[in-house]
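Contents: one structure, followed by commentary.
The values are calculated or read from the model by the stated rules, or taken from the named source; none is laboratory data. Not measured: the values here are computed from a predicted model. Because the Cβ atoms are built from the backbone with ideal geometry, glycine has one as well, and the counts that use them run over all protein chains shown. All accessible areas refer to the heavy atoms of the entire protein, side chains included, with ligands and DNA or RNA removed. Shrake-Rupley method; radii C 1.70, N 1.55, O 1.52, S 1.80 Å.
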Amino acid sequence: MYATLRTDRSLVRAFIEESLRRDGPVQRLHRVCTQDYELGGAQIREGDWVAIFHASANRDPAVFERPDEFILKRPNMIKQATFGHGIHHCMGAGIARNEAAQMINSLLNRYSRLESAGERVRQRGGLLNYGLETCPVNLVV
């Protein structure tokens, strides 16, 4: 993947979007229902707490074909829900995307490849966030 991104920088944004879809850091958030609402036959009352599971939405097979796979050129990757939607869309989403693109492009500019330098360890014990506790790499000039 690294060599592909080095060769074609236009794919960096797609890499970021597919990474956010498949392995986004925010797994769920809560909201309070502001009015009575029916969704899928379930009645949600004003004042009820509702959990939004971004990770589940991002792997919905009705929306994303082969949802557990990382597909760099996924045609509908922009439908990922990591940053929310509508009035609940994250105000910092653009900044986060730009920072990720800058970091990735900086690595691609400076290093010919990345090599694993040990075992990747996933975070444990949290239901809100998802990510790696450690991911050791060697940066090769």
(message) Looking at the structure I just gave you, is Ile104 in contact with a Leu (Cβ under 9 Å, 6 or more places away or on another chain), among the β-branched types (Val, Ile, Thr) and either within 18 Å of Ala14 (Cβ to Cβ) or open to solvent by 60 Å² or more (accessible area, probe 1.4 Å) (or both)?
(response) yes
(message) Step by step: first the residues of the stretch 58-73, then only those that are surrounded by 14 or more Cβ atoms within 10 Å (Cβ to Cβ) and aliphatic (A, V, I, L, M), then the one that is farthest from Arg6 (Cα to Cα). Which residue is that?
(response) Val63
(request) Report yes if Leu29 is at negative phi, part of a loop (DSSP other than H, G, I, E, B) and either within 11 Å of the chain's Cα centre (by Cα) or among the aliphatic types (A, V, I, L, M) (or both), otherwise no. (result) no
(message) I need the full set of residues from the stretch 74-91 which are open to solvent by less than 50 Å² (accessible area, probe 1.4 Å) and modelled with pLDDT of 90 or more, in order please.
(response) Arg74, Asn76, Gln80, Ala81, Thr82, Phe83
(request) Only residues that are under 24 Å from Arg21 (Cα atoms) and either touching a helix residue (DSSP H, G or I) at 6+ places or on another chain (Cβ under 6 Å) or of a type in the set (Ser, Thr, Tyr) (or both): list them for the stretch 32-58, please. (result) Ser56, Asn58
(message) Residue under question is Ala55, and the condition is that it be part of a helix (DSSP H, G or I), touching a residue at least 60 places away in the same chain (Cβ under 8 Å), in contact with a strand residue (DSSP E or B) (Cβ under 8 Å, 6 or more places away or on another chain) and surrounded by fewer than 12 Cβ atoms within 10 Å (Cβ to Cβ); does it hold?
(response) no
(request) Scan the stretch 107-141 for residues that are more than 25 Å from Thr82 (Cβ to Cβ) and hydroxyl-bearing (Ser, Thr, Tyr) and jot them down. (result) Tyr111, Ser112, Ser116
(request) Can you confirm whether the stretch 43-51 contains a residue that is open to solvent by 100 Å² or more (accessible area, probe 1.4 Å), among the charged types (D, E, K, R) and within 30 Å of Val140 (Cα to Cα)? (result) no
(request) Examine the stretch 75-85 for a residue that is among the small types (Gly, Ala, Ser) and more than 19 Å from Ala14 (Cα to Cα), and state whether such a residue exists. (result) no
(message) Just to confirm my filter: which strands (runs of 3 or more DSSP E) fall fully inside the stretch 58-141 and include at least 2 residues that are free of Cβ contacts under 8 Å to residues at least 12 places away in the same chain and among the acidic types (Asp, Glu)?
(response) none
(request) Name the single residue, out of those in the stretch 13-38 being among the hydrophobic types (A, V, I, L, M, F, W, C) and more than 15 Å from Pro75 (Cα to Cα), that is surrounded by the fewest Cβ atoms within 10 Å (Cβ to Cβ). (result) Val32
(request) Identify, from the list Leu20, Leu39, the residue that is touching a residue at least 60 places away in the same chain (Cβ under 8 Å) and either among the aliphatic types (A, V, I, L, M) or farther than 30 Å from Asn105 by Cα (or both). (result) Leu20
